[in-house]
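The values are calculated or read from the model by the stated rules, or taken from the named source; none is laboratory data. The shown structure was predicted, so the numbers you read here are calculated from the model rather than taken from an experiment. Here Cβ is always computed from backbone atoms with ideal geometry, including for glycine, and neighbour counts include all displayed protein chains. The area values use the complete protein model at the heavy-atom level, side chains included, leaving out ligands, DNA and RNA. Shrake-Rupley method; radii C 1.70, N 1.55, O 1.52, S 1.80 Å.
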Amino acid sequence: MGKGRVEAFSDGVLAIIITIMVLELRVPHDPSLAALGQLWPVLASYVLSFVYLGIYWNNHHHMFHAVKRVNGRVLWANLHLLFWLSLVPFVTAWMGENHFATVPTAAYGAVMLMAAIAYWLLQQSLIKHDGNESLLAVAVGSDFKGKLSPLAYLLAIPAAFVSRWLAGALYVAVALIWLVPDRRIEHVLERES
């Protein structure tokens, strides 16, 4: 079956997730910069999550650009990913409203870990459907960043109980790693055209 509906549905869900996150931001009733400064944890968690969702959207787009069709397994794997991403507004708000307290910060890492696993499962479903010689399989290769991210989340979750700043630094580090443009899929598609 074609992939267009999966892409459109995923784009819509991600747009709604980002909208929910921004609607959770509460405007201070005091017009001073000091009042805005008190909201730094909420704003910081929002920015981090917005970046993460942008990274997922970007990589999802590239991944689906490298495949021609999908099957039922891919549809379910995609829904699995969207489920975990739909929890991002909740853990973002919980972490920000509680000034990066231990349990919300660890929960944020758990959701990010599950989203990373779900993304990997989706990627593997697409590769299995298209074959080990497919454009996506060739482009992904050893997937160093894809393996490093879950490991960082696995470290960040218990780290939140030792130092919330260490956990936060690990979350930021993963986002920074993925912000560096990953052109593997683009390079493979350029070679094929």
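Can you confirm whether VAL47 is hydrophobic (A, V, I, L, M, F, W, C), modelled with pLDDT under 95 and open to solvent by 60 Å² or more (accessible area, probe 1.4 Å)?
Details: hydrophobic (A, V, I, L, M, F, W, C): yes; modelled with pLDDT under 95: no; open to solvent by 60 Å² or more (accessible area, probe 1.4 Å): yes.
Here the answer is no, as VAL47 does not meet what is asked.
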Please verify whether LEU87 is touching a Phe, Trp or Tyr at 6+ places or on another chain (Cβ under 7 Å), under 17 Å from PHE50 (Cα atoms) and either surrounded by fewer than 20 Cβ atoms within 10 Å (Cβ to Cβ) or modelled with pLDDT under 95 (or both), treating the condition exactly as stated. no
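Which members of the range 149-165 meet the condition of being surrounded by 15 or more Cβ atoms within 10 Å (Cβ to Cβ) and in a helix (DSSP H, G or I)?
SER149, PRO150, ALA152, TYR153, LEU154, ALA156, ILE157, ALA159, ARG164 - these are the residues of the range 149-165 that are surrounded by 15 or more Cβ atoms within 10 Å (Cβ to Cβ) and in a helix (DSSP H, G or I).
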Would you check if there is a residue in the range 35-44 being out of contact with any strand residue (DSSP E or B) (no Cβ under 7 Å at 6 or more places or on another chain), assigned to a helix (DSSP H, G or I), under 30 Å from ALA139 (Cα atoms) and at pLDDT 95 or above? no
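Quick one: in the range 127-182, of everything that is among the polar types (S, T, N, Q) and modelled with pLDDT under 95, which residue is nearest to LEU53 (Cα to Cα)? First the steps, then the outcome.
Residues of the range 127-182 that are among the polar types (S, T, N, Q), as a first pass: 132, 134, 142, 149, 163.
Restricting the remaining residues to those that are modelled with pLDDT under 95 gives 132, 134, 142.
Numbers: ASN132: 28, SER134: 26, SER142: 23 Å.
That would be SER142.
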Run down LEU151, LEU126, LEU135, LEU122 and say which single residue is farther than 23 Å from PHE9 by Cβ and of a type outside the set (S, T, N, Q). LEU151
Scan the range 65-75 and tell me whether some residue there is small (Gly, Ala, Ser), outside any loop (DSSP other than H, G, I, E, B) and either at pLDDT below 95 or surrounded by 15 or more Cβ atoms within 10 Å (Cβ to Cβ) (or both). no
Sole miss for MET21 among (1) closer than 13 Å to VAL88 by Cα; (2) in contact with a Pro (Cβ under 9 Å, 6 or more places away or on another chain); (3) open to solvent by 50 Å² or more (accessible area, probe 1.4 Å) is condition (3)
